Each structure stands twice: as C-alpha cells, then as structure tokens.
Amino acid sequence: MVAGITAAVMLQRATARWSGSPWAGVLATACFAFSPVVWEHAVGTEVFALHHVFIAALLWVAVAYAETRAPRWVWIGAGITGLGMSHHHTIVFFAAPLALWPMVRQPSYLFKPFRLAGLAGVMLVGLLPYAFLPAASASAAPVSWGDWTTLDGAWRHFTRADYGTLQLASGGVASEGGWTARLAAWFRFQANALGWIGLIAAGV
C-alpha cells in the first residue's frame, strides 16, 4: 500500500507540474490509483506497486529535465532505470524512449565516450540489489524464485528464462490469435483498467 501511495503522489506532482494544473494531476492520479488492476497490486504482495514507483519517478525526472535541461536529471534517471531494472525488466519500455530524449536535445553534452560510460556505470550501480541474491538463494527461504548458487541459475534468473526471456507473459498467456488478437485484448484491458473517464482523459 505504501508503494502504491508513493507512486500516486509522484504521478500527481509530475502531472501537475507538467500541465501547470493541479487538477490535471488529481484527475490523472485518480484514474491511476482507482484502476482495478493498480488497486489490486497495491494491496497485495506483488512486484508491480514498487514498479509503479520507479515509473512515476522516471516521469517526475523527465518533467524536471524538460523544464530545466539540467544534466543532473539525466544522471538521476540513469540511476532510477538501473534500480528499476533490478526490480522488473519491463521498465525498459518506459526508460528507453526517455533515454533517447536528452540525447536528441543535448547531443553535444551526452555524446562523449566518458559521459556515456559514466551513465552506463550509474545504471550498473542501480543493479546492485542483484548482489544480495546469491546470499538469499543460499538460505533456507520458504519461497525463493531462481537459483543464484550457480552461474547458470543466476543467468536464467537475470534473463527471466523460466518466465520467458523477452516475453511479457509466461506459458500460453495471450499466445493464441496472433498479434491482432493480443492488441485487441490489450485495448479491452485498458478499458477495464481505466474506465470511461480514464479513456476520455487519455484520448484528450
């Protein structure tokens, strides 16, 4: 619940700052916080509430960068991305477009080998939670996903091989009907998650 509230507050602040209207922030946050899917994950034991915190943090950083063009926000964003990657790989779908944005706006600053290497290093620092997993995997935990006691097990865990490397769902979930059927299912899911108010707001 704490992670869900944190994500909602950060989303409200980012949206209000970007639009210049606190009510736009309230509307965006209400559509997010009271979405059935978001609510379910906020009150249950799952990874997605904290994932939402990282996404909202990246959005807030993007707004701050848009206003100031201060390079520090690029570095902060790189750190959040690395930390988010250590939590859930799908953050890359949000982080990758945001990473291209400052490269287009400030190429003279970013396209220098030592700065690109530095940003990569900051991202790697964000992956440090993985360093805890070998010790956690060696303990007699009642529930543990993946085996970090071997290099092969660590690689399978890092690449999500047991869940589906480069896949958003495991097994036969959404595997039938081709991409058109999956796209239609995605839009139905959005309608259920956002409600008619959220769909209208998103369309506007």
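The values are calculated or read from the model by the stated rules, or taken from the named source; none is laboratory data. This is a predicted model, so every value here is computed, not measured. Cβ: placed from backbone, ideal geometry, glycine included. Neighbour counts: every protein chain shown.
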Long-range neighbours under 9 Å by Cβ, at least six apart or interchain, first residue farther than 21 Å from Glu67 by Cβ within region 103-117, second hydroxyl-bearing (Ser, Thr, Tyr): Arg115/Tyr109
Set Trp75, Trp60: member being touching a residue at least 24 places away in the same chain (Cβ under 8 Å) and either of a type in the set (Ser, Thr, Tyr) or over 23 Å from Ala117 (Cα atoms) (or both): Trp60
Residue under evaluation Thr45, criteria (1) β-branched (Val, Ile, Thr); (2) in contact with a Phe, Trp or Tyr (Cβ under 7 Å, 6 or more places away or on another chain); (3) outside any helix (DSSP H, G or I), criterion not met: (2)
Within region 10-29, considering residues that are assigned to a helix (DSSP H, G or I) and free of Cβ contacts under 8 Å to residues at least 12 places away in the same chain, the one surrounded by the fewest Cβ atoms within 10 Å (Cβ to Cβ): Trp23
Boolean, Leu100 is closer than 24 Å to Ala3 by Cα and in a helix (DSSP H, G or I): no
Qualifying residue in region 167-176 (condition: of a type outside the set (Gly, Ala, Ser), modelled with pLDDT of 75 or more and surrounded by 11 or more Cβ atoms within 10 Å (Cβ to Cβ)): no
Failed criterion for Ala161 (all others in (1) closer than 29 Å to Trp73 by Cα; (2) at pLDDT below 85 hold): (1)
Qualifying positions in region 37-83 - surrounded by fewer than 18 Cβ atoms within 10 Å (Cβ to Cβ) and either in contact with a Pro (Cβ under 9 Å, 6 or more places away or on another chain) or acidic (Asp, Glu) (or both): Glu40, Glu46, Glu67, Arg69, Pro71
